[in-house]
Amino acid sequence: MRPWWVIPGVWLWAPNGAAAQAASSDTILSIEQYLNLEQVTDPQISPDGSTILFTRRVINRMEDRWESSIHVINADGSKPRFLLKGSNARWSPDGTRILYTAGSQIFVRYMSGDGDGTQVTNLTGSPSNPSWSPDGKAIAFKMLVPKRQAWRIALPGRPEGARWTPEPRIIEKINFRSDPAGFLPEGNTHLFIVPAEGGAVRQVTRGDWNVGSRTGTGELSWMPDGRSILIDGLAAPDADTRYRESYIYAVDVATGHPRQIVTRKGAWRNPVSSPDGRSIAFVGSDWGLESYHAADLYVIGFDGSGMVNLSSSLDRDAGDLTWARDNSGIYFGADSHGARNLFFASVDGKVKAVTEGAHLLRDLSFSDTGTFAAVRSSAYEPGDLVRISLAAPKQIAELTHVNDAWLSRIKLGEQEEIWYPSTNGARIQGWIVKPPSFDPRKKYPLILDIHGGPHANWNFGFNFRFQYWAANNYIAFFPNHRGSSGYGSAFGNAIDSAHPGDIAFDDLMKGVDALLTQGYVDPDNLYVLGGSDGGTLSAWVVGHTDRFAAAACRYPIINWISFAGTSDITQWAYHRLRSAPWENPEKWLRNSPLMFAGNVKTPTIIMTGELDLRTPISQSEEFYQALKERNVPTALVRFANEHHGTTTMPSNFMRTQLYTLSWFQRWARKGAGGSSSNLR
């Protein structure tokens, strides 16, 4: 039974194990310990359920980057071992081989021996989403087909051997850049097939369109008879201009013809065939301009008939789709109220939870024997490989313990869940992490940490940053304001066409007010920060209240008009306010934090990646210059080698936290209760 406390208008609970973990050590988390953090991702359980492949990510301290390698473990947790360097490992249908990628090539390895993999491609491009054919004889994948720039001019007068400036890049499409890829090369992504034993690579699809929706695709899904492959995308030459449209197709392997299965206008993606080949499961929603709609789970006949929404009663984003072996329904993962669990939707539309708990179950992989593998994270566990049986889903076997060695020596802060009322009857969920040596008789500075998205969410999972705030004697507070995902379409779409604005602002401030009633938060030393949309909201907050001692805005949107024309998501930017800036500039301006810079008095540090194409660095520079013009204490920190974000490089993750706390301590009021100048 989890401990809980009822407080007027607010309730909180702490996960089981909090007291035991807090008593494990007297060592406090330091920023250097981030370099010890390891990640487990992409588990792949063998068809017979006996063996699990997984990717293990560690920090290379010498080269300042994350490195991945493929490991293998018996499903009972025995004999964990390194297998090879590479990624995207996938079992063959008979479980005797695996495919994987290394560099820009596809390899196949027999699992009965200890030999190296055999290279089956010799590509000049980079393959993605490799997938076995049902008979194990071929591998399908996606790859860019470059296209020569059509508009060329004859430039006269160039002497032989002269070093003239390279030709200009000519752009005629809306979507010509993408963060973090950069400027997109001319060409289209198409479907290819290569024999599993190696040989000539065959291009299957052709034309001026892309295999795969821009919003992202799952694995390529072969039909059981091997004659066609399911994809999502928009097989039309004007796809570049058609906002949010994507459909489901069956590509004939022999001819390359894409037959459209789903014809209803919408954003449909991630198709998966039923074992008998009669039905297709996929996710998405009908087309619309609303900012957010949960990606429901649908099924449709292979012939395009009988399209049905199976998960409307759940109203959550469905992912990790896997059909039941008897064709009775689909297993899927979904976020709900800060947790991620496994659900099952029967073909007649009945949805039930298979697992439950205050944890995140991600990267689900199913065997033919009723067991599945996943990565589980919870408040005090960064993420480990687990095995679960569908026959007894409450019994979760943890198979790896990659962070136990160093975490067992750390005294973490206690994490508690909080629900509180906001305006218009809304109930808002959030979490707090208290300092490891928390004393309810003392008052602590509070950090309000706002998530990005805006349609994303904080959750029950382990978060190094929040524990780091707590280790430096701050209360870390991270709420899911309206607009967050995991609470249904209406909750997520509450901020549609008016963000930032009163709704999210009210939810955030009501949470701070609720915590102030508990008596252990120092009202003079409140701090606010966030990244991406969280950075936008942070800038909005300091333009609408002076209650915070300091702020940290990371890669924000400051001016919607300039953002729309410079971001890599121009179509989203132009559609979200329902009118163009030249049609209704007042609406665009009243939702821009820049227009409230004249109200800002809060010392504000602004941090951004120099290579950012999502919220370009010019957005941060606009806010910085506006605050400097008004003599507001501010600093602009430009992170090298970072695209959207400031934490891709391990050293930059550490710098982000250190600069933030240093700034907060510089502007602390009345000697805040945080750490001294020597940051942990």
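The values are calculated or read from the model by the stated rules, or taken from the named source; none is laboratory data. Being a predicted model, the structure only gives us computed values, none of them experimental. Cβ: placed from backbone, ideal geometry, glycine included. Neighbour counts: every protein chain shown.
Filter segment 461-490 down to residues that are of a type outside the set (Gly, Ala, Ser), in a loop (DSSP other than H, G, I, E, B) and more than 25 Å from Gly501 (Cα to Cα), then give me how many there are.
Matching residues across segment 461-490 total 5.
Please indicate, with yes or no, whether at least one residue in segment 154-170 is on the phi < 0 side of the Ramachandran plot, outside any strand (DSSP E or B) and surrounded by 15 or more Cβ atoms within 10 Å (Cβ to Cβ).
No; the residues of segment 154-170 include none that is on the phi < 0 side of the Ramachandran plot, outside any strand (DSSP E or B) and surrounded by 15 or more Cβ atoms within 10 Å (Cβ to Cβ).
Identify all residues within segment 319-346 that are basic (Lys, Arg) and either within 20 Å of Lys394 (Cβ to Cβ) or not in a loop (DSSP other than H, G, I, E, B) (or both); write none if there are none.
Result: Arg340, single match.
Go through segment 174-228 residue by residue and tally those that are assigned to a loop (DSSP other than H, G, I, E, B), among the polar types (S, T, N, Q) and within 19 Å of Asn270 (Cβ to Cβ).
So the count comes out to 5.
Need the failing condition index for Arg554 against (1) surrounded by 21 or more Cβ atoms within 10 Å (Cβ to Cβ); (2) of a type in the set (D, E, K, R); (3) touching a Lys or Arg at 6+ places or on another chain (Cβ under 8 Å), just the number.
(3)
Identify, please: which residue in segment 35-67 is buried (at least 18 other Cβ atoms within 10 Å of the Cβ) and touching a helix residue (DSSP H, G or I) at 6+ places or on another chain (Cβ under 8 Å) and is, among those, nearest to Lys85 (Cα to Cα)?
Ile59
Kindly check whether there is at least one residue in segment 600-609 that is over 22 Å from Val528 (Cα atoms) and in contact with a helix residue (DSSP H, G or I) (Cβ under 7 Å, 6 or more places away or on another chain).
The answer is no, given that none of the residues of segment 600-609 is over 22 Å from Val528 (Cα atoms) and in contact with a helix residue (DSSP H, G or I) (Cβ under 7 Å, 6 or more places away or on another chain).
Every residue, every condition in (1) touching a helix residue (DSSP H, G or I) at 6+ places or on another chain (Cβ under 6 Å); (2) on the phi > 0 side of the Ramachandran plot; (3) surrounded by fewer than 20 Cβ atoms within 10 Å (Cβ to Cβ); (4) modelled with pLDDT under 95, yes or no:
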| position | (1), (2), (3), (4) |
| --- | --- |
| Trp419 | no, no, yes, no |
| Ser422 | yes, no, no, no |
| Ser489 | no, no, yes, yes |
| Ile495 | yes, no, no, yes |
| Ala498 | no, no, yes, yes |
| Leu508 | no, no, no, no |
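Among the residues of segment 221-240 satisfying the criterion of being within 18 Å of Gly301 (Cα to Cα) and among the aliphatic types (A, V, I, L, M), which is nearest to the chain's Cα centre (by Cα)?
The selected residue is Ile231.
Name every residue in segment 510-560 that is charged (D, E, K, R) and either more than 23 Å from Ala640 (Cβ to Cβ) or in contact with a Phe, Trp or Tyr (Cβ under 7 Å, 6 or more places away or on another chain) (or both), in order of residue number.
Lys510, Asp513, Asp522, Asp524, Asp533, Asp546, Arg547, listed by residue number.
Could you list, in sequence order, the residues of segment 500-527 that are in contact with a Lys or Arg (Cβ under 9 Å, 6 or more places away or on another chain) and among the β-branched types (Val, Ile, Thr)?
Within segment 500-527, Ile503, Val512, Val521 meet the criteria.
Pairs, please: C-beta under 8 Å, at least 6 apart or cross-chain, first residue of a type in the set (S, T, N, Q) and in segment 556-578, second surrounded by fewer than 17 Cβ atoms within 10 Å (Cβ to Cβ) and part of a helix (DSSP H, G or I)?
From segment 556-578, the pairs are Ser562/Ser618; Thr566/Ser618.
Within segment 245-261, work out how many residues are closer than 18 Å to Gly319 by Cβ and either touching a residue at least 40 places away in the same chain (Cβ under 8 Å) or not in a strand (DSSP E or B) (or both).
1
Working only within segment 578-619, note down all residues that are over 25 Å from Gly645 (Cβ atoms) and of a type in the set (A, V, I, L, M).
Ala580, Leu589, Met595
Looking for whichever is farther than 19 Å from Ala471 by Cα and in contact with a Ser or Thr (Cβ under 7 Å, 6 or more places away or on another chain) here; the options are Ser422, Ser389. Which one fits?
Ser389 is the lone residue from the list that is farther than 19 Å from Ala471 by Cα and in contact with a Ser or Thr (Cβ under 7 Å, 6 or more places away or on another chain).
Across segment 365-407, what is the total count of residues that are closer than 19 Å to Asp76 by Cα and either in contact with a Pro (Cβ under 8 Å, 6 or more places away or on another chain) or part of a loop (DSSP other than H, G, I, E, B) (or both)?
Qualifying residue count, segment 365-407: 15.
Just for segment 600-635: of the residues that are part of a loop (DSSP other than H, G, I, E, B) and of a type in the set (A, V, I, L, M, F, W, C), which one is surrounded by the most Cβ atoms within 10 Å (Cβ to Cβ)?
Looking at residues that are part of a loop (DSSP other than H, G, I, E, B) and of a type in the set (A, V, I, L, M, F, W, C), I get Val600.
Take the conditions assigned to a strand (DSSP E or B), within 16 Å of Gly338 (Cβ to Cβ), within 26 Å of the chain's Cα centre (by Cα) and of a type outside the set (Lys, Arg) and apply them to Trp458. Does it pass?
no
Going by what's in this entry, would Asn463 be described as within 29 Å of Gln665 (Cβ to Cβ), surrounded by 24 or more Cβ atoms within 10 Å (Cβ to Cβ) and of a type in the set (S, T, N, Q)?
In short, no.
Can you name every residue in segment 286-309 that is among the hydroxyl-bearing types (Ser, Thr, Tyr) and more than 18 Å from Tyr249 (Cβ to Cβ)?
Ser291, Tyr292
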